[in-house]
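Following: one structure in structure tokens, then a few remarks.
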Amino acid sequence: MTPSIIEITPLQLMLCFGFVLLAGITSMVNRLGLERDLLVGTIRTFAQLFLVGYVLKFVFEINVSWLVLLMFVVMVAAAVHIIRGRVKERSVSFLLPTFISMLVTYTLISALVTGVIVGAKPWWTPQYFIPLAGMIVGNSMTAISISLDRLFSDLKARRSEVEMMLALGADYREASQDVLRGAIKAAMIPSINSLMAVGLVSLPGMMTGQILSGVDPLVAIRYQVVVMLMLVASTSMGAFLVTGLVRRRCFSPAQRLVIR
Amino acid sequence: MSLSLDQVSFAYPDGPVVLEKASITFEAGSFTIVQGLSGAGKSTLLRLLCRLEEAQSGRILFNGQPIETMAPADLRRSVAYVQQMPTLLSSSVRENLLLPFSFKANVGLNRPSDEVLTSHLESFLLSGVTLESEATRLSVGQAQRICLVRSLLLDPEIVLLDEPTASLDAESAGVVLEKAAELGRGGMTVIMISHSQTMPEGVTHVVTIKDRSLERA
């Protein structure tokens, strides 16, 4: 099958404003007061995607490793920033350990996928590395915020249990083993659930994209299988490392629970 | 074994000052009742003594040795802390009693046999409870007694009891108070928070927390 994509012209793109108009009318009729958000959201969608489009085009054309990796670092930093917004705990600083473990884990997994499994040469070839790494970072961002949220809330809710064990001579690892397990499990479950539902409930975005751009569905599903499995690995590895490092910060060297 | 506070100040982060330059010595073998209004800092005092809280200034001494120079697990093996609300894991009574022996810091200690555990249960008038009983199905009074047994199995030298009878029925409260008195008679240092007007048998000192300092009655 030869790639045959129908290009969307600027005029056709403009027609899409009709969709926003429909949403706007719904908001006005029901007095939801969402018109302003809709307008800002639409403008941001255009601006952000066009910006990313040009950045990607630039990075693809220049095709140098440091620029690709810089873009990856920026993606991870943006993900950490979003995680910070979602996780409300402020008494324990979790940004640096989160950033470092995401960077290490996701560089490894992305490089493994592009270099070994897809077999792109070199492994950082932007056309492969950036979209795949982007999916890893995006999915794991959700998983990591779930696990951090769970870690902090369980340490607080199960404070008496954790302190009971500390008082009986446990170190912080022993006292919070069960809490940590719950936090990692909570992060892994969504990606395992999606292994069960994929193809039946929804067609994943990447596969849809490839099919739309004319790729043989049988080629597209292979990519999708790779993506699904790499996401299981990255969400679990990411959550495991992040919660392990951040848990340490919830305790003082005197094996005392400091989070309140 | 004695415990002393030397000019200890403590405040919770973004909270009120609980203790300000408080000093006191709990002598070896003494049985002290700690009193004070709720929120005065009675529980905080006990938590400071086993380092579940850290004083901002001043020193806490275990037999003359600053507690921060001891490994936390060593301190906590010598100074047992029993929480106000009994906390047991969802497993058998045996597993709960042996929990401390599963921690790395305690592996060198002798694991008590079933006979020893059973005799402890009997001496706490828990003859209806077996080692196989599910711990989370016990009454609060039974659970508190199990918690006390669990702490005593580590053979501590000092016991900190945070209002152990607060939510107990009369029978359980009686057993716990009788046990506390027995520990005191046996030479153990006992520090117990109590709201009750009636003093348990064998009390040697009463300490009141008031206006961020400790007063001996």
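The values are calculated or read from the model by the stated rules, or taken from the named source; none is laboratory data. Being a predicted model, the structure only gives us computed values, none of them experimental. All Cβ positions, even for glycine, are placed from backbone atoms using ideal geometry, and neighbour counts span all protein chains on display. Quick note on the areas: whole protein, heavy atoms, side chains included, nothing else; ligands and nucleic acids left out. Shrake-Rupley method; radii C 1.70, N 1.55, O 1.52, S 1.80 Å.
Things to note:
- Subset tally (residues that are open to solvent by 80 Å² or more (accessible area, probe 1.4 Å) and either in the same structural domain as residue A:212 (by TED's automatic domain parsing) or under 31 Å from the mean Cα position of the chain (by Cα) (or both)) for the range A:18-33: 4
- Considering residues of the range A:231-260 that are among the aliphatic types (A, V, I, L, M), open to solvent by 10 Å² or more (accessible area, probe 1.4 Å) and assigned to a helix (DSSP H, G or I) only, the residue nearest to the other protein chains (Cβ to nearest Cβ): A:245
- Among the residues of the range A:38-69, those that are among the polar types (S, T, N, Q), under 20 Å from residue A:132 (Cα atoms) and assigned to a helix (DSSP H, G or I) comprise A:48, A:65.
- Hey, residue A:214 of a type outside the set (Phe, Trp, Tyr), under 24 Å from the mean Cα position of the chain (by Cα) and on the phi > 0 side of the Ramachandran plot or not: no
- Search result, residues across the range B:52-85 that are within 15 Å of the chain's Cα centre (by Cα), of a type outside the set (A, V, I, L, M, F, W, C) and part of a helix (DSSP H, G or I): B:76, B:77, B:78
- Pair list, Cβ under 7 Å, 6 or more apart: the range B:52-67 residue away from chain A (no Cβ under 12 Å) and over 26 Å from residue A:175 (Cα atoms), other residue open to solvent by 60 Å² or more (accessible area, probe 1.4 Å) and in a loop (DSSP other than H, G, I, E, B): B:63/B:1
- Filter result for the condition that a residue is assigned to a loop (DSSP other than H, G, I, E, B), open to solvent by less than 50 Å² (accessible area, probe 1.4 Å), over 19 Å from residue A:52 (Cβ atoms) and aliphatic (A, V, I, L, M), over A:113, A:162, A:92: A:92
- Cross-chain or 6+ apart pairs with Cβ under 6 Å, the range A:163-177 first and within 7 Å of chain B (Cβ to nearest Cβ), then open to solvent by less than 10 Å² (accessible area, probe 1.4 Å) and among the basic types (Lys, Arg): A:167/B:76; A:169/B:76
- Residues of the range B:12-51 satisfying the condition of being in a strand (DSSP E or B), among the hydrophobic types (A, V, I, L, M, F, W, C) and open to solvent by 20 Å² or more (accessible area, probe 1.4 Å): B:17
- Pairing each residue of the range A:40-53 that is hydroxyl-bearing (Ser, Thr, Tyr) with any residue that is assigned to a helix (DSSP H, G or I), provided the two are 6+ apart or on different chains, yields C-beta distances under 6 Å for A:42/A:20.
- Members of the range B:86-117 found to be surrounded by fewer than 15 Cβ atoms within 10 Å (Cβ to Cβ), among the hydrophobic types (A, V, I, L, M, F, W, C) and either facing another protein chain (nearest Cβ under 9 Å) or assigned to a helix (DSSP H, G or I) (or both), listed by number: B:89, B:116
- Residue within the range A:139-150 that is in contact with an Asp or Glu (Cβ under 9 Å, 6 or more places away or on another chain), open to solvent by 30 Å² or more (accessible area, probe 1.4 Å) and in the same structural domain as residue A:177 (by TED's automatic domain parsing) present: yes
- Residue in the range B:123-138 that is under 20 Å from residue B:192 (Cα atoms) and away from chain A (no Cβ under 13 Å) present: yes
- The range A:170-211, residues that are open to solvent by less than 60 Å² (accessible area, probe 1.4 Å) and not in a helix (DSSP H, G or I): A:170, A:171, A:176, A:198, A:199, A:204
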